[in-house]
Amino acid sequence: MGKDMVGLLRDTRRARRQGPDAVRPRQRDRLAQMVAVARAGSPYYHQLYRNLPARVEDPTLLPVSSKQELMARFDGWSTDREVTLEKCLAFVNDPGQVGQRFLGRYTLATTSGTTGTRGIFLVDARSLAVAAALAVRMMTAWLNARDVLRIVAGGGRMAMVTATGGHFASTVAAARLRRRRGDRVAVIPVETPLPEMVASLNRFRPLVLAPYASIGALLAGEQDAGGLHINPVLVVLSAEGLPPREYERIAQALHSKVRQSYAATECPFLSYSCEQGWLHINSDWVICEPVDADGRPTPPGERSHTVLISNLANRVQPILRYDLGDSVLQRPDPCPCGNTLPAIRVQGRTADLFTFPTDDGRRVTIPPLAFATLLDRIRHVELSQIVQTEPATLRVRLQSAAGADPEVVWEAVQRQLIGLLTEHNLRHVTLERAEERPQQSPGGKYRPVIPLS
C-alpha cells in the first residue's frame, strides 16, 4: 500500500469520525483546487470561468454543466491535451481494450444516453485512489468483524452480475477484478437466462454478491422458490432503485445484509447506504446540491427537481456543478444510524422488469439492463427505447447516429434482440420498428425500457 493511499485512508476515517465541522473545510479547499486545475488545464473551463473570483470555495458561483455540453466540447474539456474524442472513440470501438488503460494512464468508461446524450468519461489515478479509500470506509460501515472473517474463510468469493462486452464502468471494474483475483471472482452477463444464472451461482457459492437491483429481486424470488441455494454475507445492489420493501424482501430471502450505492460514472464514489435505507453522501470528496427547476436549493425534506454534483477528485475531466438529472430527497434530521454525512433518498431511479408469457403458460422475466446494455454496444445507435405494447410485443424506438444508415442500424438491433429473446425461449415475441424517436419522461430522461402498464 502506497504512502498516498495510507494518507487517504486516514483522512477519510478522520472526516467520517469528526463530522460536518471536519468535512466542510475539506470541501472548500478541494473545490478551490479543482476550479484552479480546471482553469489552468482545460480550454473549456478557462473560458467558462474567466469572470469568476481568483479562488472559488462556493459551488453556487459556478455555472451548471451537463453531459450534452461537455460531450459537445470534448477536446477542450480535458486538462490533458493528448485526450481527444477521436482517440477515445477508437479505444471504445475496440473490445480488446476493455479494462485497459487509455493512453496508458486513464480509466475510460461510457454511459448510456438516458439524458439524450451518450457519455465518455476518463478517470485519473488520483480519483481511483480516492474511490478505493472511500470503498474501505463503505465496507467498514457495512461489515463487522464476524462478517469479514466469514468472507475471508470462504476465500473471498465474489460474484458480479453485470453488463459485459462494452466499456461501461461496471464492465471495466469486473475485468480488472478478474485479472487481480482470478477464479475468486465470477462475472455473469446480465443477459444470462435466469435458470443458467441460478445454476452458476449455486456452483460458485459467493460470499459477496453484486448484481443490479432488478437482478437481486429476481434472485430473491428464486431463493424463496427453492431453486437458488446461496448464503452470501453481503449483497450489494447497484444501478437501479427499488421500493424499500424490496430491499427487505431480498435480505430475508438471501439471509444476508443488503446494501446499495447511488453513484454514476461521472462520480463513482458518490454515496453508500446504511441499515436505515438512507444513502450517505461522501461529502468530503463530492458536493451534492439538490435544486428545484430554477436551479435554487431545495430544502431538506422536499423532493428536488434534479441534483448537481461536483467531483472533487478527478482532475483529467473536471465534473463541476454537473446536472445528474435525478430527483433526490435530503433527510432533514440526523440519520438514526449515527452517520453524520448528509443522507438522501433517490426518487428518480426505479427498476423496470419485462415479463413475457411463454408458449407453455409460464412467465419469463428479463431485467431492463439486459436490453439497455445490449443496444448500447451496437455502433451507430445514438439513443434507443423499447416499449412493451402487448404481453408479447416490443416496439423499438431508435435514433441513429448522424451519417449512419438507419436500415443497417435496425438490422443490427433486430439481430441482437432476437438473439437475446431466443436465449430466453421467447422466439414468439414480436419486434416492431417504431417510426417515432425515443420519448422523454416528464423529468427529461429517456427510459431505455418501458414495460406494459
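Looking at (1) touching a Leu at 6+ places or on another chain (Cβ under 6 Å); (2) under 20 Å from N282 (Cα atoms); (3) of a type in the set (S, T, Y), can you tell me which one Y106 breaks?
Looking at each condition in turn, Y106 falls short on (2).
Go over the candidates V198, V172 one by one and state the one that is modelled with pLDDT of 90 or more and either of a type outside the set (D, E) or surrounded by 21 or more Cβ atoms within 10 Å (Cβ to Cβ) (or both).
Exactly one residue qualifies, and that residue is V198.
A220 - would you say it is open to solvent by less than 10 Å² (accessible area, probe 1.4 Å) and touching a Ser or Thr at 6+ places or on another chain (Cβ under 6 Å)?
no
Can you go through R30, R14 and tell me which one is open to solvent by 40 Å² or more (accessible area, probe 1.4 Å) and of a type outside the set (S, T, Y)?
R14
Just to be sure before I move on: is V56 β-branched (V, I, T), open to solvent by less than 20 Å² (accessible area, probe 1.4 Å) and outside any helix (DSSP H, G or I) in the structure I sent?
The answer is yes for V56.
Give the residue that is modelled with the highest pLDDT, with candidates limited to residues of the range 424-453 that are outside any loop (DSSP other than H, G, I, E, B) and open to solvent by less than 50 Å² (accessible area, probe 1.4 Å).
Result: L431.
Here are some residues: I287, I250. Which one is touching a Lys or Arg at 6+ places or on another chain (Cβ under 9 Å), of a type in the set (A, V, I, L, M) and open to solvent by less than 30 Å² (accessible area, probe 1.4 Å)?
Going through I287, I250 in turn, the sole match is I287.
Report whether or not L341 is at pLDDT 85 or above and in a strand (DSSP E or B).
The answer is no for L341.
Could you list all residues from the range 64-123 that are closer than 18 Å to R321 by Cα, open to solvent by 60 Å² or more (accessible area, probe 1.4 Å) and in a loop (DSSP other than H, G, I, E, B)?
Within the range 64-123, V64, R73 qualify.
Kindly evaluate A133 against the criterion of being buried (at least 17 other Cβ atoms within 10 Å of the Cβ) and assigned to a helix (DSSP H, G or I).
yes
Across the range 216-236, what is the total count of residues that are out of contact with any Asp or Glu (no Cβ under 9 Å at 6 or more places or on another chain) and not in a loop (DSSP other than H, G, I, E, B)?
9
All but one of (1) under 27 Å from R362 (Cα atoms); (2) buried (at least 20 other Cβ atoms within 10 Å of the Cβ); (3) modelled with pLDDT of 95 or more hold for L209, so report the exception by its number.
All conditions pass for L209, except number (1).
The values are calculated or read from the model by the stated rules, or taken from the named source; none is laboratory data. All figures in this text were calculated on a predicted structure; none of them were measured in a lab. Ideal geometry is used to build each Cβ from the backbone, glycine not excepted, and the neighbour counts take in all protein chains shown. Heads up: the accessible areas ignore ligands, DNA and RNA and are worked out on the full protein's heavy atoms, side chains in. Shrake-Rupley method; radii C 1.70, N 1.55, O 1.52, S 1.80 Å.
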